[in-house]
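K.L.:
Quick one: this structure, given as C-alpha cells, is what I'll be asking you about.
The values are calculated or read from the model by the stated rules, or taken from the named source; none is laboratory data. Keep in mind that what you see is a predicted model, and the values were worked out from it rather than measured. Here the Cβ is made from the backbone with ideal geometry for all residues, glycine too, and neighbour counts use every protein chain on show. Heavy atoms of the whole protein, side chains included, go into the accessibility calculation; ligands, DNA and RNA do not. Shrake-Rupley method; radii C 1.70, N 1.55, O 1.52, S 1.80 Å.
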Amino acid sequence: MKLLSAIFFCCATLLAGCSEPPRFVSTDLSMVDWGKDFSLTDHNGQPRRLADFKGKAVVLFFGYTQCPDVCPTTLSTMRDAMALLGEDAKRVQVLFATVDPARDTPQLLAQYVPAFNPSFLGLYADEKGIAALAKDFKVFYAKQPGSTPGSYSIDHSTGSFAFDPQGKLRLLLRHGEAPANIAADLKLLLAGK
C-alpha cells in the first residue's frame, strides 16, 4: 500500500509540473522573421518606431479612414478590448497605419483614430513608405476605382499585429475576434507569456 501511495504521489507531482503553457486564441507569429519594426509619423507629427513603445504591448492595424466596415469595426473591437483590460490598458498601444496617405492627412487621422479611444494613434507615411512597410508585414492592399477619382475604395488585409512588451511580433489578431479573446491574449503578452 505504501508503494502504491508513493507511485501515486510521484505521478501527481509530475503531472502538476507538466501543466500546459497558456494558449493564445490568436494566430501565433512568434517564429516569423518579418515585421520587426516600422518608421512612420503619428497624427501629431511625431516620428514613431516600435522602440518608442517598449514596455507596452502594441497592436498595429493597417487600414484607411474611409473604410466602410472593417476598419471601424476593428477599432471598435480594440476599444472594447481595452475597456476589458482595465488598468492593463495603460500598457497597450493601438496603432492605425493608413494605406491611403493621399486622403488620410494627419489632421483627418487625428480626428478619426482617437475618436475610438483617446490613446490610439494614427500613423502615416508617403505612398512609397507605406508600400514598403505593407510588404514587410505581408499586408495586401489595392485601390479599387470609384465613380469619381476621389471616391475609390481600398481592399486590404484585415488582421492586426500584436507585439509583446519587448517589441517582438507575436500574434495575428483576426478580424471579427471577440474583444474578450483579444483582451485575454493581450493579458498573456503583458504577463510575459
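K.L.:
Given the structure, is Glu127 among the charged types (D, E, K, R) and free of Cβ contacts under 8 Å to residues at least 12 places away in the same chain?
P.N.:
Details: among the charged types (D, E, K, R): yes; free of Cβ contacts under 8 Å to residues at least 12 places away in the same chain: no.
So Glu127 fails the test.
K.L.:
Separate question: Please work out if Leu186 is out of contact with any Ser or Thr (no Cβ under 8 Å at 6 or more places or on another chain) and not in a loop (DSSP other than H, G, I, E, B). Show your work before the answer.
P.N.:
Working: out of contact with any Ser or Thr (no Cβ under 8 Å at 6 or more places or on another chain): yes; not in a loop (DSSP other than H, G, I, E, B): yes.
Yes, satisfied.
K.L.:
Continuing with this model, one more query. Considering only the stretch 92-109, I want to know if a residue exists there that is charged (D, E, K, R) and closer than 24 Å to Lys54 by Cβ. If you could, list the steps in order and put the result at the bottom.
P.N.:
Taking the stretch 92-109 first, the residues charged (D, E, K, R) are 100, 103-104.
Okay, now just the ones that are also closer than 24 Å to Lys54 by Cβ, so none.
Within the stretch 92-109 (the criterion being charged (D, E, K, R) and closer than 24 Å to Lys54 by Cβ), the answer is no, since none of the residues qualifies.
K.L.:
Go through the stretch 32-71 and count every residue that is of a type in the set (S, T, N, Q) and open to solvent by 40 Å² or more (accessible area, probe 1.4 Å). Reasoning before the result, please.
P.N.:
At the first step, the residues of the stretch 32-71 found to be of a type in the set (S, T, N, Q) are 39, 41, 44, 46, 65-66.
Now drop any that are not open to solvent by 40 Å² or more (accessible area, probe 1.4 Å), which leaves 39, 44, 46, 66.
Residues that pass the stated criteria total 4.
K.L.:
For Lys193, all conditions in the list (1) within 20 Å of Gln93 (Cα to Cα); (2) assigned to a helix (DSSP H, G or I); (3) open to solvent by 50 Å² or more (accessible area, probe 1.4 Å) hold save one; what is the number of the exception?
P.N.:
(2)
K.L.:
Now for a different question. Filtering the stretch 142-169 down to residues that are in a strand (DSSP E or B) and at pLDDT 95 or above, which residue is surrounded by the fewest Cβ atoms within 10 Å (Cβ to Cβ)?
P.N.:
To start, the set of residues in the stretch 142-169 that are in a strand (DSSP E or B) comprises 142-144, 153-156, 160-163, 169.
Imposing the further condition that a residue be at pLDDT 95 or above reduces the set to 160-163, 169.
Values: Ser160: 25, Phe161: 24, Ala162: 24, Phe163: 25, Leu169: 22.
My answer is Leu169.
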